There are 2 protein chains.
Amino acid sequence: MANKPGIPKGTRDFSPCELRKREYIFNTIRSVFQSYGYQQIETPAMENLTTLLGKYGDEGDRLIFRILNSGDFMSALSGEDISTLGSSKLSQKICEKGLRYDLTVPFARYVVQHREELVFPFRRYQIQPVWRADRPQKGRYREFFQCDADVIGSDSLLNEYELIRIINDVFTKLKLSVQIKINNRKVLAGIAEYIGESARITDITVAIDKLEKVGKEAVNDELRAKGVSEKALMKLQPVFGLNGSVSSRLSAMAEMIAGSETGLKGISELQTLFSFTEQGNLSAAVDLDLTLARGLNYYTGAIIEVKAEDVAIGSICGGGRYDDLTGIFGLPGVSGVGISFGADRIYDVMEQLNLFEEVTGSSADVMIVNFGGEELKYALSLAVKLRAKGIKTEMYPDAAKLKKQMSYADSANIPVVIIAGEGEIRAGEVTLKIMSTGEQRKVIPGDITDVLSEIGI
Amino acid sequence: MANKPGIPKGTRDFSPCELRKREYIFNTIRSVFQSYGYQQIETPAMENLTTLLGKYGDEGDRLIFRILNSGDFMSALSGEDISTLGSSKLSQKICEKGLRYDLTVPFARYVVQHREELVFPFRRYQIQPVWRADRPQKGRYREFFQCDADVIGSDSLLNEYELIRIINDVFTKLKLSVQIKINNRKVLAGIAEYIGESARITDITVAIDKLEKVGKEAVNDELRAKGVSEKALMKLQPVFGLNGSVSSRLSAMAEMIAGSETGLKGISELQTLFSFTEQGNLSAAVDLDLTLARGLNYYTGAIIEVKAEDVAIGSICGGGRYDDLTGIFGLPGVSGVGISFGADRIYDVMEQLNLFEEVTGSSADVMIVNFGGEELKYALSLAVKLRAKGIKTEMYPDAAKLKKQMSYADSANIPVVIIAGEGEIRAGEVTLKIMSTGEQRKVIPGDITDVLSEIGI
């Protein structure tokens, strides 16, 4: 036989069993989003490259999958183009569209495009795949799902609190212990100002974001390499050493960056937010992490990151406030805040921790044996009745040997087989075989649903 | 302000209101698929071009969206390639992947790739978008959803009957009157054989498929133009004129094509299938249409097509049996039969016929007014309690003027607003304002859910 066909690197097929588990995650997230009044939208898989490019940095631009223009794309190129332009510039001449890289930029585009139809504050959620031409590796795919919730058109810190509650509710329902870490970009700006390196804010946030992973010395080395002065580094060290309660760390930090108006605004925002979370009776651990940065330059206020306890896997949810995301599409002054759940990583964590125990399932609740002839007519009409009562019912399609049919039901994990042969039909009964125990019961057809619910179906 | 950003031609954004209607269609289809024991799979948006090309004819190949290879794609090209190859051949050198064009070919690829994990007969369903670089027009999009159900690994005609029942159940639940038309590819082969033009079977099926649309004369003209002889045409005419009951038309046809073994096999399959549907007590009209062909060359047995009554829109669901679809991927001899619902056309039909009346909905069931301060603390804790009881609850994020908050609730179609001001809290009550009538009721917090269910929430 020929070679087995395959699928592109970094992509996946999902079998019924995997999909049941994935749907369990999606449905949990969706139901929590909805319980807070978030409404679903969907955007196309393809966006114009003008919408996507320049929003994710140079590296992001390189990772966007581009779609070749249909038809005679070469006619747009001159001989000079071909000989002088490199692949990167040429691609912009032969591709107008790209695959969605995340859900945030398409959402910003959506808000600007549909702003006249929307009622603000607008709470939306979106659960769709995104694509990145990243090097595939364990836990990193080229096609993966994001589950985003954003509130746009309100700068109240209650929105941040609401999103933290949503994170709490989702992971509580999934029975996954997590730690929610919170910081504020304005505090990071205050720190940069305090150490006299405001111009290097991006380098500084990128470096200190790695503190937990690489340690203090490596962070200092990276900052030195970026040109941060020894004097600035000395002023920075106390930030790494802060400890105590959230309020005492916030007070200590407020003293340090007392000269930065922006920094103090950030401290005050964090104080308000923690006053909400501390009274909120949350099951998840919520903590302040003054080094958290998440590298995304569009964050302007709160920064949120969620890690699973008990598993080393990086962030499984994150987000923050952005004051001007729609500005890139010509609608300035609209503040938003959002979070994004990484469904694929959550799936991996839950697999590792065996948290899918309750997600079992089979194709059907019952299978009716096919004996052909008159018995088949009886079976077909019984199937209609059972389905009408909400019982997922399979008919075995062929009048094959009983052994073969039972063996199919067994392999397909169907919990109950219904046998209605000539004898049973004459007696006005059917035989229910409970596959897990092998037990057989004669019941009258009207009692089937009662017996099924007795055994938990 | 800058130009509004847009999305690629032929693609769509879906707003919350549209999505609620679409989800209603998807959930209806999904629940019927599941009630028959079909299991969901998903395949990647991108497939290798080797999987896709050559499966949909030349026109189909042209309509596949191709994804530019990442990185330095030009390095794969020689100067000679560029100057001698046209766009079509060049695209195969700079693109390895394409977007899924339908769900059937990826499913065939899936079955071959995963055959060792599957239990046959394998009933699967799949609800995912597909992409075609077609010219966009009313009702035709470049990104649209297909909802497919297939049974693979069984050649029993009960599968065809099951799929027809599924079609019946879906449209009954959607309250959409439809006509289900059935034919059999073997009968078409028998007709071609009978008129002595077996070699022209494809031309013949393409032409007579248009009978209803263009009339008998135009079909004859097309056949003449394709080189079908006058003698053959004369033998063909009675096929167009058959009438009477299904069984009388089948008998008449059987007499005509009595010399074709394949044709008679097709007649016999149709007789069996109609014997099932006639006893099946279906709500949808099921009829024989001996000219139905659906142009898809991979069909080898039953051909199924569904049209909406009362609306001129073409087919909204179709399918058929294919005896060798997995053969193209190296696994011959596996028979399958499947149907595909066109969710976008079903949506359009239901909009035209006003069938979405029951699909209403708002972001939330209730909104709690935000008065700030101590009242806010009370409100936040009330929101937690209501959500825990399954009430979708929004908090207005800012302590804005009451009028502004009420006006938001009104615009967002939130049916009930909860007012818990200082006075109410002291009295141990809240005020429920029912937005449709303006009625206000004082209730104790523990009674809110009862009052809500009283008014149908």
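If you take the residues in the range B:69-92 that are outside any helix (DSSP H, G or I), among the polar types (S, T, N, Q) and surrounded by 12 or more Cβ atoms within 10 Å (Cβ to Cβ), which one is farthest from the other protein chains (Cβ to nearest Cβ)?
So in the range B:69-92, the residues outside any helix (DSSP H, G or I) come out as B:69-72, B:77-78, B:85-86.
Keeping just the survivors that are among the polar types (S, T, N, Q) gives B:69-70, B:78.
Checking which are surrounded by 12 or more Cβ atoms within 10 Å (Cβ to Cβ) leaves us with B:69-70.
Working: B:N69: 9, B:S70: 4 Å.
In this case the residue turns out to be B:N69.
Have a look at B:A308, B:A312 and point out the one that is in the same structural domain as B:K186 (by TED's automatic domain parsing) and at pLDDT 90 or above.
B:A308
What residue, among those in the range A:26-40 that are out of contact with any Phe, Trp or Tyr (no Cβ under 6 Å at 6 or more places or on another chain) and assigned to a helix (DSSP H, G or I), is farthest from the other protein chains (Cβ to nearest Cβ)?
Once the filter is applied, the top-ranked residue is A:T28.
Could you identify the single residue in A:T449, A:T437 that is more than 21 Å from B:F120 (Cα to Cα), among the polar types (S, T, N, Q), out of contact with any strand residue (DSSP E or B) (no Cβ under 8 Å at 6 or more places or on another chain) and open to solvent by less than 50 Å² (accessible area, probe 1.4 Å)? Outline the logic, then answer.
On the way: A:T437 fails: open to solvent by less than 50 Å² (accessible area, probe 1.4 Å).
None of the other options fit; the residue is A:T449.
If we keep just the residues of the range A:41-57 that are out of contact with any Asp or Glu (no Cβ under 8 Å at 6 or more places or on another chain) and not in a helix (DSSP H, G or I), which is farthest from the other protein chains (Cβ to nearest Cβ)?
A:K55
Quick check on the range B:320-342. Is at least one of its residues under 21 Å from the mean Cα position of the chain (by Cα), closer than 30 Å to B:F14 by Cα and surrounded by fewer than 19 Cβ atoms within 10 Å (Cβ to Cβ)?
Within the range B:320-342, not a single residue is under 21 Å from the mean Cα position of the chain (by Cα), closer than 30 Å to B:F14 by Cα and surrounded by fewer than 19 Cβ atoms within 10 Å (Cβ to Cβ).
Go through (1) open to solvent by less than 60 Å² (accessible area, probe 1.4 Å); (2) at positive phi and name the single condition A:N281 misses.
In the conditions (1) open to solvent by less than 60 Å² (accessible area, probe 1.4 Å); (2) at positive phi, A:N281 misses (1) alone.
Where in the range A:181-289 are there helices (runs of 4 or more DSSP H), lying fully within it, with 1 or more residues that are within 21 Å of A:E305 (Cβ to Cβ) and in contact with a strand residue (DSSP E or B) (Cβ under 8 Å, 6 or more places away or on another chain)?
Of the helices (runs of 4 or more DSSP H) lying wholly inside the range A:181-289, those with at least 1 residues that are within 21 Å of A:E305 (Cβ to Cβ) and in contact with a strand residue (DSSP E or B) (Cβ under 8 Å, 6 or more places away or on another chain) span A:185-194, A:246-256, A:261-279.
For the range A:401-414, give me the residue count where each residue is more than 9 Å from every other protein chain (Cβ to nearest Cβ) and open to solvent by less than 60 Å² (accessible area, probe 1.4 Å).
3
Taking the residues in the range A:143-157 that are within 11 Å of another protein chain (Cβ to nearest Cβ) and surrounded by fewer than 23 Cβ atoms within 10 Å (Cβ to Cβ) as candidates, determine which candidate is nearest to A:R132 (Cα to Cα).
That would be A:E143.
State the number of residues belonging to the range A:179-201 that are farther than 29 Å from B:D398 by Cα, β-branched (V, I, T) and either within 11 Å of chain B (Cβ to nearest Cβ) or crowded, with 19+ Cβ neighbours inside 10 Å (or both).
2
Which residues, taken from the range B:14-56, are open to solvent by less than 20 Å² (accessible area, probe 1.4 Å), within 25 Å of A:R123 (Cα to Cα) and not hydrophobic (A, V, I, L, M, F, W, C)?
B:P16, B:R22
Just one of B:R132, B:R66 is in the same structural domain as B:G320 (by TED's automatic domain parsing) and either among the small types (G, A, S) or buried (at least 18 other Cβ atoms within 10 Å of the Cβ) (or both); which is it?
Only one candidate passes the filter, namely B:R132.
Does B:Y125 qualify as being in a loop (DSSP other than H, G, I, E, B), more than 9 Å from chain A (Cβ to nearest Cβ), within 20 Å of the chain's Cα centre (by Cα) and aromatic (F, W, Y)?
No; evaluated as a whole, the condition is false for this residue.
Any idea which of A:S198, A:S177, A:S156 is among the hydroxyl-bearing types (S, T, Y) and closer than 30 Å to A:Q237 by Cβ? Outline the logic, then answer.
Numbers: A:S177 fails: closer than 30 Å to A:Q237 by Cβ; A:S156 fails: closer than 30 Å to A:Q237 by Cβ.
Matching residue, one of A:S198, A:S177, A:S156: A:S198.
What residue, among those in the range B:103-117 that are in contact (Cβ under 8 Å) with a residue 24 or more places away in the chain and either of a type in the set (G, A, S) or not in a helix (DSSP H, G or I) (or both), is farthest from the other protein chains (Cβ to nearest Cβ)?
B:L103
Does A:I7 meet the test of being over 23 Å from the mean Cα position of the chain (by Cα), open to solvent by 30 Å² or more (accessible area, probe 1.4 Å) and without any contact (Cβ under 8 Å) to a residue 12 or more places away in the chain?
When the stated conditions are applied, A:I7 does not pass them.
Go through (1) in a helix (DSSP H, G or I); (2) open to solvent by 20 Å² or more (accessible area, probe 1.4 Å); (3) among the acidic types (D, E) for B:E160 and report which single condition fails.
Tallying (1) in a helix (DSSP H, G or I); (2) open to solvent by 20 Å² or more (accessible area, probe 1.4 Å); (3) among the acidic types (D, E), B:E160 fails exactly one: (2).
The values are calculated or read from the model by the stated rules, or taken from the named source; none is laboratory data. If you're wondering where the values come from, they're calculated on a predicted model, not measured in any experiment. Every residue, glycine among them, receives a Cβ derived from its backbone with ideal geometry; neighbour counts consider all protein chains shown. Areas reflect the complete protein model, heavy atoms only, side chains present, ligands, DNA and RNA absent. Shrake-Rupley method; radii C 1.70, N 1.55, O 1.52, S 1.80 Å.
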